[in-house]
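The values are calculated or read from the model by the stated rules, or taken from the named source; none is laboratory data. Because the structure is a prediction, the values reported are computed rather than measured. Using ideal geometry, Cβ is built from the backbone for each residue, glycine included, and neighbour counts are taken over all protein chains shown. Surface areas here come from the heavy atoms of the whole protein model, side chains and all, with no ligands, DNA or RNA. Shrake-Rupley method; radii C 1.70, N 1.55, O 1.52, S 1.80 Å.
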Amino acid sequence: MPAQHHIEALITMLGPKGATTDPTDIAPHIKEWRGKYFGQTSLMVMPDSTVEAAQVVRYCNEHKIALVPQGGNTGVVGGSLPGLNGRDEVLISTKRMNSNIRVDAADYSVTVDAGCTVAAIQDAAKAANRLFPLSLASEGSCTAGGVVSTNAGGVHVVRYGTTRALTIGIEAILPDGEIYDSLSSLRKNNTGYALDQLFIGAEGTLGLVTKVAFRLFPPELERRTYWLAVDSPSDALELLASARTETADRVSVFEILPHAGLELVLTHIPGTINPLSKPYPWYILMEVATSSPDSGLRTKLEEWVASNMENHLIQDGAEAQSETQAKAFWKLRESMSEAQKHGGGSIKHDIAVPVSHVPAFITEATQTLEAAYPGCRVTPFGHLGDGNLHFNVLQPENANKEEFLAHWDSMNRLVHDIVTSHKGSISAEHGIGTMKKEELARLKNPAALTTMRCIKKALDPNNIMNPGVLFL
Ligand SMILES: O=C(O)CC[C@@H](O)C(=O)O
Ligand SMILES: [Zn+2]
């Protein structure tokens, strides 16, 4: 716990609205939403401006007080919780920095405070006839600062890229309290190192992101949503390639679900219905969208579906006939995480391999796990278009949940070794946090890891910014 006089100094600096020691206020901020991690802290600070945030960081650096930044607290790798493993850390929440969202329609950009939610940014863009394409299950709660710090992905990466691709400017407080400012709608800037990139995916270890400028796009005015049945992931990839070519690269969603995953959803999530009359091995949720409704997309897609049914790449399928039906298709995909909770213990792997390696990876990893953990139920789903699978593994039917979850680390190692043999990534979109730092140390290229450490040391010599994550 920071010394009492430091707690008092920070409370005096920020006033009663900007700092709290009340356990009831702090409680929702130290628990991970799935109940996997429980942190602790005696102080939460909530600056309401860049200047206040800079004062806090400067004070903490001078007195070597560790800070853990937090946005919407929607992470799944224990990356924004203070006090894990008994560490002594102050929580710095961006929740009061959420009042400014400025859309610049002419520049196709939006500039926001770090505490603004992704949903609020989407709404503001929409009101200005623009699209902010970042979309993920937690969008109602996750924040600009959080998605930048974790380089969040979501369901539109296949067309619009990850948060890294969407970020064009950043304001952040460096660990010494100085303000780094590249906040602008600029699209080209060749004036040395690409410093913004340091803060994207840094999980708060190099500073506190306080404002972000994001790229916007023309709105998706016509959107066609399909639920397609396919025989295999390799058939699905063939379809993706042809859909991209045939639609002038307008595929904005391409998600995969195995039959076992759909069964779990239909069994456990109320109000879900199977769009098709019989089971198939795999399903694809595909969306194709355009900003120009009279572009002939509809006819093009009708022809595309017909020819791929004829050549048996598509086994069966349905196109959403209304917004309600599109939502029903989406519910099947978005309920996967929730449905898995009902299936008992689920060991997660947020992995990516080059897109063309996905079929081989699934076969290899499934065979390896089924041999090593008889009865386990491999349920890979997710962002096929990006080569990013949530390669989640459910406990055998009727097994003991705790006993199964005890295999978390050993199973992760097996899967991550296969990922590495495909030159893939052990964290595609959820981050490293505290959960995967051993695996990062084991598998990241040693020269890359040394470079990361050098950067951390140069910017944060006192190791005050989120010291418990990324590095062992
Ligand atoms: O539950 C998971 O492992 C994945 C969560 C999320 O990234 C998703 O794509 O639904
Ligand atoms: Zn995902």
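Peptides 369-376, 320-327, 209-216 ranked from most to least packed give 209-216, 369-376, 320-327, packing being the mean of other C-beta atoms within 10 angstrom over each peptide's residues.
What the pair-distance distribution of the chain shows, using all Cα-Cα distances binned every 20 Å from zero, is 23, 55, 21, 1 percent. The mean sequence distance of close C-alpha pairs (under 8 Å, at least 6 residues apart), as a share of the length of the chain, puts its relative contact order at 15 percent. Restricted to Cα atoms, the range 37-189 shows a radius of gyration and a Dmax of 16.0, 49 angstrom.
Here the scattering of the range 101-215 is modelled by Debye summation over its C-alpha atoms, one equal scatterer each and no solvent; at q = 0.10, 0.23 Å⁻¹ the log10 of I(q)/I(0) is -0.25, -1.39.
Normalised by the residues of the range 101-215, what does the relative contact order come to in percent, with Cα pairs under 8 Å and at least six apart?
The value is 30 percent.
Solvent-accessible area per residue in the chain equals 43 Å², computed with a 1.4 angstrom probe and all protein chains kept.
Relative to its Kirkwood radius, the Cα radius of gyration of the range 222-338 gives an Rg/Rh of 0.95. Calculate, for residue 463 and residue 291, the FRET efficiency according to 1/(1 + (r/R0)^6) with r their C-beta to C-beta distance and R0 56 Å; round to the nearest 0.05. With a Förster radius of 56 Å, E is 0.75. Within the range 400-467, the trypsin sites (Lys or Arg not before Pro) that combine a DSSP coil assignment with at most 10 other C-beta atoms in a 10 angstrom radius are 423.
On the range 348-472, 55 percent of the accessible area sits on carbon and sulfur atoms, based on a 1.4 Å probe. Available extension along the chain between residue 181 and residue 303 is 38.9 nm, counting 0.36 nm per residue and deducting the alpha carbon span.
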